[in-house]
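A.B. asks: Have a look at this one.
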Amino acid sequence: MTSMGKTRRVLSVGLCGAVLALAASALPTGAAQGASHRVSWQLTETGTDARFRGLAAVDRRTAWAAGSQGTVLRTTDGGRSWRNVSPPGAAELELRDVEAFDARRAVVLAIGEGEASRVLRTDDGGATWTESFRNTDPRAFYDCMTFFDHRHGLAMSDPVDGRFRILSTRDGGRTWAVLPNTGMPAALPGEAGFAASGQCLVSSGPKDVWLATGGGATARVLHSRDRGLTWTAAESTIPAGDPARGVFGLAFRDPTHGIAVGGDYRKDQPSPRAAAVTSDGGRGWRAASAPPPAYRSGVAWLPHSRTAALAVGPTGTDLTTDGGRTWRTVDSGSYDTVDCTGDGACWASGEQGRIARLGRGAPTP
């Protein structure tokens, strides 16, 4: 869900300060000041009602979104305009993840049982697309993908033969191969991933990758240090025990510090303990002391920050400024996923064609 190589970019201190100023403005400023600002998402005009659960923010000007009805959009002017670059004949595909290298090269994942799960790649900004993978195993259902760099990437499927299946590419998504499952722990009964935000499989650095689960007796986070060959599993504190509950999204700002969000996606069900944090690469997870008030499907660290992050879901956006321990709702709009770039831009997308950039709201009493 993140643009490639983000963790290794040299980032501008000035731009970081601007983003963190937006974050700080969401916090209470006290009655003595008489007014406060809030962080707000500024919607862009997309011209579609597709639901965008896949989002790849490249920089302040360039972003890609992938969603329902096989829809892919791209902007190269900061969201002032969006170009529909959907693959031809893809209207029946459910696109749930997109990974973008730049304004011209991107890879999208279609989800579903059997041949509905596919990977497509473009090298010319979406003018043409090539199908590079089509799942032929009726037992597999691919959910998410991630890239370590411009060449190496992974995609994950729900368990097949009792273990999560991992697909690997070494050429930027042009070809794919299923990895051996000998290094993958056994899945729990009912355990699966959630294709809700493109963040059930995330990476940081050249080899570390994490996989989020739900549906089983416990919601787990699996971690690999060797690009998916061997894995360890750790229980999160986010409730599971139901097909609708678990960890939906992960974000790691480095191979050590991460945030997990989730809950129960059903509108009529509460989502207590909907966030957790780790400071040891996912070996142990601690529940947020003041979690988001409802289910959240997407999460992203703010650029340059060791402590600030955003979480999004159908009922709002929450901000943390203490590394995920406490959260405060800063916007009530509906979004499924969020992504921030190294040069200081944050984007979010969701239902009814909603794609927005982070901005400063008007002063409120």
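A.B. asks: From the set of residues in the range 59-92 that are part of a loop (DSSP other than H, G, I, E, B) and within 20 Å of the chain's Cα centre (by Cα), which is nearest to Gly112 (Cα to Cα)?
C.D. replies: Out of the qualifying residues, it is Thr71.
A.B. asks: Considering the range 82-140 alone, what residues qualify as being touching an Asp or Glu at 6+ places or on another chain (Cβ under 8 Å), β-branched (Val, Ile, Thr) and within 17 Å of Cys200 (Cα to Cα)?
C.D. replies: Hits for the range 82-140 are Val107, Val108, Ile111, Val119.
Table: residues versus (1) of a type in the set (Ser, Thr, Tyr); (2) closer than 20 Å to Pro272 by Cβ.
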{"position": "Thr317", "(1), (2)": "yes, yes"}
{"position": "Asp331", "(1), (2)": "no, no"}
{"position": "Thr337", "(1), (2)": "yes, no"}
{"position": "Thr341", "(1), (2)": "yes, no"}
{"position": "Cys346", "(1), (2)": "no, no"}
{"position": "Arg354", "(1), (2)": "no, no"}
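A.B. asks: Return a yes/no flag: does the range 144-152 have any residue that is of a type in the set (Val, Ile, Thr) and farther than 21 Å from Arg53 by Cα.
C.D. replies: So far as the range 144-152 goes, no, none of its residues is of a type in the set (Val, Ile, Thr) and farther than 21 Å from Arg53 by Cα.
A.B. asks: Which of the residues spanning the range 333-365 are modelled with pLDDT under 95 and surrounded by fewer than 19 Cβ atoms within 10 Å (Cβ to Cβ)?
C.D. replies: Asp343, Gly359, Arg360, Gly361, Ala362, Pro363, Thr364, Pro365
A.B. asks: Same structure, new question: Can you tell me which residues in the range 210-231 are of a type in the set (A, V, I, L, M), closer than 17 Å to Thr182 by Cα and under 18 Å from the mean Cα position of the chain (by Cα)?
C.D. replies: Scanning the range 210-231 gives Leu211, Leu222.
A.B. asks: Considering only the range 269-283, I want to know if a residue exists there that is out of contact with any helix residue (DSSP H, G or I) (no Cβ under 9 Å at 6 or more places or on another chain) and β-branched (Val, Ile, Thr).
C.D. replies: yes
A.B. asks: May I pose another question? Glu191 - would you say it is surrounded by 17 or more Cβ atoms within 10 Å (Cβ to Cβ), under 30 Å from Ser334 (Cα atoms) and of a type in the set (D, E, K, R)?
C.D. replies: yes
A.B. asks: Only one of (1) closer than 22 Å to Glu351 by Cα; (2) in contact with a Cys (Cβ under 6 Å, 6 or more places away or on another chain) is not met by His304, so which one is it?
C.D. replies: Evaluating His304 over (1) closer than 22 Å to Glu351 by Cα; (2) in contact with a Cys (Cβ under 6 Å, 6 or more places away or on another chain) leaves (1) as the failure.
A.B. asks: Just to be sure before I move on: is Arg96 touching a strand residue (DSSP E or B) at 6+ places or on another chain (Cβ under 9 Å), in contact (Cβ under 8 Å) with a residue 40 or more places away in the chain, basic (Lys, Arg) and part of a strand (DSSP E or B) in the structure I sent?
C.D. replies: yes
A.B. asks: Do we find that Gly284 is within 24 Å of Arg165 (Cβ to Cβ) and not hydrophobic (A, V, I, L, M, F, W, C) in this structure?
C.D. replies: The answer is no for Gly284.
A.B. asks: Separate question: State all residues of the range 112-165 that are closer than 21 Å to Ser68 by Cβ, among the charged types (D, E, K, R) and assigned to a strand (DSSP E or B); if no residue qualifies, say none.
C.D. replies: Hits for the range 112-165 are Glu113, Arg118, Arg121, Glu131, Arg134, Asp143, Asp158.
A.B. asks: To continue, here is another question. Please give the strands (runs of 3 or more DSSP E) falling wholly within the range 194-245 in which 3 or more residues are surrounded by 21 or more Cβ atoms within 10 Å (Cβ to Cβ).
C.D. replies: Output list reads 201-204, 208-212, 220-224.
A.B. asks: Go through Thr128, Thr122 for me and flag whichever is touching a strand residue (DSSP E or B) at 6+ places or on another chain (Cβ under 8 Å), among the polar types (S, T, N, Q) and in contact (Cβ under 8 Å) with a residue 24 or more places away in the chain.
C.D. replies: Among Thr128, Thr122, only Thr122 is touching a strand residue (DSSP E or B) at 6+ places or on another chain (Cβ under 8 Å), among the polar types (S, T, N, Q) and in contact (Cβ under 8 Å) with a residue 24 or more places away in the chain.
The values are calculated or read from the model by the stated rules, or taken from the named source; none is laboratory data. Only a predicted model underlies this, so the values are computations on that prediction, with no experimental measurement involved. Cβ coordinates were reconstructed from backbone atoms using ideal geometry, including for glycine residues, and neighbour counts include every protein chain displayed.
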